[in-house]
Amino acid sequence: MAAPNPPVEQLRARAFTIPTEEPESDGTLEWDSTTVVIVEAGSGGRWGLGYTYGHPAAAAIVNSTLAGHVVGGSALSVGASWDAMVGAVRNIGWPGVAAGAISAVDVALW
C-alpha cells in the first residue's frame, strides 16, 4: 500500500536542443533549433513529466536550486512546492528562465 503522503524522492531535468528542418521565423526573429527542458519527478515508484521551451539554463536551475526545495516534500502538496520554488529563485530572478523551470517542475508534480 502506498504511503498516504509520499515524499518527492527524485527531481531531475535535462535539456535537449533539437534542430529544425529549415530556419523558422516569427516575423521578428529567426532560429534553426528549439530547446526543450524535460523534468521528471519521482515518488513511490511513480513518475511525473513536465517540460518547457527555453534555454538549457532552466535545467540547471531545476537540478541545482529547485530540487533542494522540492525533494523530501510531500508529492501531494504541489502548492507548497510551488511556493518553496518561488522563494528559492528570489535572488536569481522570478521572470524568464527561472519561471520556465518552475513551470516544468509544477507540471511534473501534478
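Taken together, the values in this text are just the output of simple stated rules run on the coordinates, not laboratory data. A quick note: this is a predicted structure, and the numbers were derived from the prediction, not measured. Positions of Cβ are backbone-derived with ideal geometry, glycine not excepted, and every protein chain shown enters the neighbour counts.
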If each K or R counts +1 and each D or E counts -1, the residues other than SER77 whose Cβ falls under 15 Å of its Cβ total -3
As a check on your grasp of the helix formula, calculate [θ] at 222 nm for the chain: sum -39500 (n - 2.57) over DSSP H runs of n ≥ 4, divide by the residue count, round to the nearest 500.
-8000 deg cm²/dmol
Put +1 on the Cβ of each Lys and Arg and -1 on the Cβ of each Asp and Glu in the chain; which of LEU29, VAL62, VAL78 then has its Cα farthest toward the positive end of the dipole?
VAL78
If one builds a Gaussian network model of the chain from Cα atoms under 10 Å apart, the most fluctuating residue listed among SER77, SER33, SER64 is SER33
Pairwise label distance in nanometres, THR65 with GLU24, each label 7 Å out on the Cα-Cβ vector:
2.6 nm
Just to check I understand the Karplus step: with θ = phi - 60° and J = 6.51 cos²θ - 1.76 cosθ + 1.60, what whole-Hz values come out for region 66-72, glycine and proline as x?
5, 4, x, 9, 10, 4, x
